[in-house]
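Data first, discussion second: the structure below is written as structure tokens.
The values are calculated or read from the model by the stated rules, or taken from the named source; none is laboratory data. Just so you know, these numbers come straight off a predicted model, no measurement behind them. Here Cβ is always computed from backbone atoms with ideal geometry, including for glycine, and neighbour counts include all displayed protein chains. Ligands, DNA and RNA are stripped out before the accessible areas are found, and what is left, the full protein with its side chains, is counted by its heavy atoms. Shrake-Rupley method; radii C 1.70, N 1.55, O 1.52, S 1.80 Å.
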Amino acid sequence: MKNSSLMKEMSWTEFRERKAKTDLVILPVGAFEVYGPHLPLGSDTLVAAGLAERVARRVDALIGPTLEVGDSSMLDEFPGTVTIRPEHFKAYLNDVVNSLLKWGFKDFLFINGHAGNVPMISQIAYSLRERPDIRKAQIDVWRFMQRVDQNVLESGPLAHSHAGEAGTSVMLALHPELVNLEKTLSVERKKQDAFPEIMKYGKLSDNSEWGTVGHSNQASAEKGQILVDRAVERIVQFLGDVWDIPGK
């Protein structure tokens, strides 16, 4: 039998045995949205799941249900994008968390590949703050990657833009068979943002007709593997140093 960390691949008896050895559950969260002409609609989910599997192996955690669709309303004019209303997403995720609480999990790590999901995950985590026995943390994947990209990426301020050099590199490392290198692009924003420190709520199409911004043509699997390895190492370090969950 495959030695998997995924609860969905376990029988209930195997789950019971594995659960007795850990209180940590990892929840991958993603999106179903345009990610340029060169990457699949499920890129955010695939990356979150890939990181979850690598972290779980290092710390003997279990991986709960993957939430594959999030709030992608700012991208919903691009074909194929599927979006969930924030209130529905939050209710669904809250039910998942409550089910896992029922089975004794006390440590919740959300590995979230889509910025649009951050507020709802945070709201659920904050709702548990009165329970000192429950620990929770969220990895906002593409923002998190900016913490580990030293001397790796080459495309400057747009390196971490939507489906740009960072995102394409990580997908090349995790799922090269799903990346169409013939369709990578160099896309500048249609409008320069003179106030990047201010949150704004427009559509991606305001800045790109391709569903991507940045220089995905500078991506490589080698860069992506460095980002993935560093991200996993940093997460494992956090779990060990802060939550006292040993890694290997």
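Quickly run through segment 134-144 and pick out the residues that are surrounded by fewer than 19 Cβ atoms within 10 Å (Cβ to Cβ) and closer than 16 Å to residue 39 by Cβ. Listed by number, the list is empty, since nothing qualifies. The residues in segment 183-206 that are out of contact with any Asp or Glu (no Cβ under 9 Å at 6 or more places or on another chain), in contact (Cβ under 8 Å) with a residue 60 or more places away in the chain and either open to solvent by 70 Å² or more (accessible area, probe 1.4 Å) or of a type in the set (Asp, Glu) (or both) can be counted, and the count is 2.
Each residue in segment 1-59 was checked for being surrounded by fewer than 16 Cβ atoms within 10 Å (Cβ to Cβ) and of a type in the set (A, V, I, L, M), and 2 pass.
Of note, residue 66 satisfies the criterion of being polar (S, T, N, Q) and open to solvent by 30 Å² or more (accessible area, probe 1.4 Å). Do we find that residue 51 is touching a residue at least 12 places away in the same chain (Cβ under 8 Å) and assigned to a helix (DSSP H, G or I) in this structure? Yes; evaluated as a whole, the condition is true for this residue. Scan segment 101-114 for residues that are within 15 Å of residue 128 (Cβ to Cβ) and touching a helix residue (DSSP H, G or I) at 6+ places or on another chain (Cβ under 9 Å) and jot them down. Selection gives 104, 105, 107, 108, 109, 110. For residue 129, the conditions (1) closer than 18 Å to residue 63 by Cα; (2) open to solvent by 60 Å² or more (accessible area, probe 1.4 Å); (3) more than 22 Å from the chain's Cα centre (by Cα) are fulfilled apart from (1).
Hey, can you tell me all the residues within segment 145-170 that are within 15 Å of the chain's Cα centre (by Cα), crowded, with 20+ Cβ neighbours inside 10 Å and not in a loop (DSSP other than H, G, I, E, B)? Result: 145, 166, 167, 168, 169, 170.
When 27, 41, 67 are screened for being farther than 21 Å from residue 123 by Cβ and within 17 Å of the chain's Cα centre (by Cα), only 41 passes. The residues on offer are 53, 33, 77, 87, and the sole one that is under 19 Å from residue 173 (Cβ atoms) and charged (D, E, K, R) is 53.
Residues to consider are 143, 147; find the one that is under 20 Å from residue 52 (Cβ atoms) and either hydroxyl-bearing (Ser, Thr, Tyr) or touching a residue at least 40 places away in the same chain (Cβ under 8 Å) (or both). Being under 20 Å from residue 52 (Cβ atoms) and either hydroxyl-bearing (Ser, Thr, Tyr) or touching a residue at least 40 places away in the same chain (Cβ under 8 Å) (or both) holds for just one of 143, 147, which is 147.
Per the listing 39, 27, 46, 109, the residue uniquely assigned to a strand (DSSP E or B), closer than 18 Å to residue 145 by Cβ and modelled with pLDDT of 95 or more is 109.
One residue stands out among those in segment 72-103 that are open to solvent by less than 30 Å² (accessible area, probe 1.4 Å) and part of a loop (DSSP other than H, G, I, E, B): the one that is modelled with the lowest pLDDT, which is 78.
Residues that are in contact with a strand residue (DSSP E or B) (Cβ under 9 Å, 6 or more places away or on another chain) and surrounded by fewer than 17 Cβ atoms within 10 Å (Cβ to Cβ) within segment 104-125 comprise 106, 122, listed in sequence order. If I ask for residues that are over 15 Å from residue 167 (Cβ atoms) and more than 22 Å from the chain's Cα centre (by Cα), which ones from segment 203-235 would you list? Answer for segment 203-235, where residues must be over 15 Å from residue 167 (Cβ atoms) and more than 22 Å from the chain's Cα centre (by Cα): 205, 206, 207, 209.
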